[in-house]
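I have placed the structure first, in the form of structure tokens, so that the comments after it can refer back to it.
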Amino acid sequence: MPGNRRMNHENGQISIDFIIGFTIFMIAFIFVATMISGLLINLQSQRIDYDAVAYRTGTVLVEDPGEPSEWNLLDLTKAADRDNLKRLGLNVARNSPGILRESKIEKFFNPDRGGCSDRSRLCYPSDYSQKLIFGDYPYSFNISMRELGPSGRTWAIGEIPSNNNTGYIRRVVSIKKPGYADISPVPAGSQNHITINMKIQTLFFPDPVSPSIDPAYQIDLIYEDFWVNLTGFSGVNLTKKPELFDGTTPVTYDENYPTLRVFIDSVEIHEGDYPALLTDDSKIHFEEGFLKSKGFHESSELDFILTFDQPVGDGIALNIADIAKRYPLSEAIMEIRIW
Amino acid sequence: MVKNSAQLYTIEGIAAGVLMIVTAYIVVSTSTVLTPQDIHIIDMQLEQLGHDALMVMNTPKDYRISSNLTECISQNNPDWFKSNFTPLVRSRVFLPDDTLHYNVSLYYRDGDVVQKRDFTDDGMPYLGEKTVKVTQWIRMDDGASIPELRNKIVLVEVLLWRS
């Protein structure tokens, strides 16, 4: 029985076919299993990707002033200015993270939502996806903000999330509001005009030996709105539009933004409306970028003259640094959702 | 008497066992890869929120005044801290407030020793939840109410967790 004995010996061994087959199977199995696990990670990490984009968007908005840093002054009706806008950040300045400029907030949350025919505003959603969210993937987003405290103002932009699978980040920020000045008549005044000497440098440097004021607290006539409130002038007429002089050279006003505007009871007073009877709600608005558009800068010195029909001043010029005031920073919550 | 057939079955059994172990390993490793990343993101969100809130508290609201954080610790006023910090970490824009809890400790050097002093909490006991830690440095002048903190640099540490 030699043949049978030989067969019995071989039966105890693994056949070469089995080894080859098993090896091929294991390689294929490991290969497929590896691919499947990678596929699962990709599927599961979609949320993580959204979270990362939300985090990045929050960082750009809260810690970056944008590019250019004063993008809120760009005239978006001009193609060159619109092209110049690279990134939307709301921050006051790069070294003041978490402090947002109010005018940037207003511009950011008030775009043209109707097909972008209004070229003076940001275009929703294309400007936001290209200059804030970034990336080729068409992310949807919702960004909202609420000011804490009595005002409770809210802002929101974007779509309503359709499900809970959204990337999310919540940030706590401060809001810097523009500066203002209150002017009142002088008792027993002898002059029909009040002059404000605007030595702009004095707003940035409180005294010659101090460093400049942190941008978060600067009253910035060049880059921000500035309001002059006329209080106690009820019954007095403003005889002509307030005048601004660079030395002895009068500064001309443009009709369009940015310019200088006078409001009485929230109604704008135009050139033909003078003399205008003042009430307790009378304001002069230096629109942000107005002085910059006229070529003035931090070292400029101007005289701002208001002329009335009654003696309300004493002839002594007011210094802008003495009368300009700032609002304290307010706090706000910002939420960002990406999907 | 040794039988041939049982040997092949043994090999199949071992192969099947290896296959099951490899499968189990892949399944387990797939699920364990994902979980820490999710937790990391949630930690990061909480840490960012806490850091923001503490930093906003440590930012003076006006030029040449102290921050609320400095003032409430200088005056040893935990209620002031709570009335400032709680809305910052819990408020949401449109939804009801979040359920976050915290406790606050102060660290300062006393000679060569780092001392810890409990400052306040939000009233919720810590029951071993996963926390994140956020800190801010503040400078105390010689008018601080707590004598040990006078003229010291103090580390304000907030432990923050979600219930």
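The values are calculated or read from the model by the stated rules, or taken from the named source; none is laboratory data. None of these values were measured; they are calculated from a predicted model. Positions of Cβ are backbone-derived with ideal geometry, glycine not excepted, and every protein chain shown enters the neighbour counts. Protein only, heavy atoms only, side chains kept; ligands, DNA and RNA dropped before computing areas. Shrake-Rupley method; radii C 1.70, N 1.55, O 1.52, S 1.80 Å.
The string of couplings for the range A:330-337 from the Karplus curve (6.51, -1.76, 1.60, θ = phi - 60°) is 9, 10, 8, 10, 10, 10, 10, 10 Hz, one whole number per residue in order, with x for Gly and Pro.
Using equal-weight Cα scatterers in the Debye expression, the normalised intensity of chain B in log10 at q = 0.18 Å⁻¹ is -1.12.
As a test of the formula, what do you get for chain B when each DSSP H run with n ≥ 4 contributes -39,500 (n - 2.57) and the sum is divided by the residue count, at 222 nm and rounded to the nearest 500 deg cm²/dmol? The helix-only estimate for chain B comes to -16000 deg cm²/dmol at 222 nm.
Considering only A:212, A:140, A:151, the mean-square fluctuation computed in a Gaussian network model of chain A, springs between alpha carbons under 10 angstrom, is largest for A:151.
For chain B, modelled as a GNM whose springs connect Cα atoms under 10 angstrom apart, the maximal fluctuation among B:139, B:64, B:90 occurs at B:64.
Label sites at residue A:316 and residue A:229, each approximated as a point 7 angstrom past Cα along Cα to Cβ, lie 2.4 nm apart. Across the range A:209-225, computed HN-Hα scalar couplings (Karplus, 6.51 cos²θ - 1.76 cosθ + 1.60, θ = phi - 60°) run 9, 8, x, 5, 5, 3, x, 5, 10, 5, 8, 10, 6, 7, 10, 10, 5 Hz from first to last residue, x flagging Gly and Pro.
Bins of 10 Å, beginning at zero and ending with the bin holding the largest distance: percent of Cα pairs per bin for the range A:192-257, please. The calculated distribution, bin by bin, is 14, 39, 34, 13, 1.
May I ask for the angle, rounded to the nearest 10°, between helix A:46-63 and the longest principal axis of chain A, with both axes built from Cα atoms and the value confined to 0 to 90°? With rounding to tens, the tilt is 20 degrees.
Counting only aspartates and glutamates at least 8 places from residue A:294 when in the same chain, those with an alpha carbon closer than 19 Å to its own are A:70, A:75, A:81, A:220, A:224, A:225, A:243, A:246, A:254, A:255, A:303.
3J(HN,Hα) along the range B:69-79: 4, 4, 5, 6, 7, 4, 8, 6, 10, x, 5 Hz, from the Karplus curve 6.51 cos²θ - 1.76 cosθ + 1.60 with θ = phi - 60°, whole Hz, x for Gly and Pro.
Each Cα pair under 8 Å and six or more residues apart adds its separation to the average, and for the range A:162-226 the resulting relative contact order is 41 percent. Contact order for chain B, expressed relative to its length and based on alpha carbon pairs under 8 Å spaced 6+ residues apart, stands at 22 percent.
If you roll a 1.4 Å probe over chain B with all protein chains in place, what percent of the accessible area is carbon or sulfur?
About 57 percent, which is the carbon plus sulfur part of the accessible surface.
Computed from point charges on the beta carbon alone (+1 for Lys and Arg, -1 for Asp and Glu), the dipole magnitude for the range A:179-325 about its Cα centre is near 220 Debye.
What angle, in degrees between 0 and 90 and rounded to the nearest 10, separates the Cα long axis of helix A:2-11 from the longest principal axis of the Cα atoms of chain A? The answer is roughly 20 degrees. Of B:15, B:53, B:24, which has the largest mean-square fluctuation in a 10 Å C-alpha GNM of chain B? Maximum among the listed residues: B:15.
Dividing the mean sequence gap of close Cα pairs (under 8 Å, 6+ apart) by how many residues chain A holds gives a relative contact order of 23 percent. Using Cβ point charges alone (K and R +1, D and E -1), the dipole size of the protein assembly as shown about the Cα centre works out to roughly 1980 debye. In the range B:77-107, the residues whose accessible area drops by at least 40 square angstrom when the other protein chains are added to the isolated chain are B:88, B:91, B:92, B:93, B:94; the probe is 1.4 Å and only protein heavy atoms count. The Kirkwood radius of the range A:260-333, taken over pairs of alpha-carbon atoms, gives through the Stokes-Einstein law at 10 °C and 1.306 mPa s a diffusion coefficient of 103 µm² s⁻¹. What separates the Cα centres of the range A:130-167 and the range B:109-163 is a distance of 34 Å. Summed over both chains, the area buried between B and A is near 3800 Å², taken from the accessible surface of protein heavy atoms with a 1.4 Å probe. The amide H of residue B:124, built 1.01 Å from its N in the peptide plane, has B:102 as neighbours under 5 Å, considering only residues 5 or more places off or on other chains. Relative to the longest principal axis of the Cα atoms of chain B, the long axis of helix B:5-57 lies at roughly 10 degrees. Computed about the Cα centre, the dipole magnitude for the range B:42-162 is approximately 140 debye when only Lys and Arg (+1) and Asp and Glu (-1) carry charge, each at its Cβ.
If A:63, A:288, A:70 are ordered by their accessible area, calculated over protein heavy atoms with a 1.4 Å probe, which sequence runs from highest to lowest?
On the way: A:63 70, A:288 10, A:70 35 Å².
So, going from the largest accessible area down, we get A:63, A:70, A:288.
Only lysine pairs 8 or more places apart, or on different chains, with alpha-carbon atoms under 25 angstrom apart are counted in chain B, and they number 11. Size descriptors for the protein assembly as shown (Cα atoms only): Rg and Dmax, in that order, 33.8, 141 Å. Each of A:187, A:140, A:233 was scored by the projection of its Cα onto the charge dipole of the protein assembly as shown, and the greatest displacement toward the positive side belongs to A:140; charges sit on the C-beta of Lys, Arg, Asp and Glu.
Please list, ordered by chain and number, the residues whose modelled amide H lies under 5 Å from the amide H of residue A:220; skip anything fewer than 5 residues away on the same chain. Amide H neighbours of residue A:220: A:179.
Close amide H pairs (under 5 Å, H built 1.01 Å from N) link residue B:93 with no residue at least 5 positions away or on another chain.
So for the range A:214-339, Kirkwood radius off the Cα pairs, Stokes-Einstein at 37 °C and 0.692 mPa s: how many µm² s⁻¹? D = 199 µm²/s. With all protein chains in place and a 1.4 Å probe, the accessible surface of chain A carries 54 percent carbon and sulfur.
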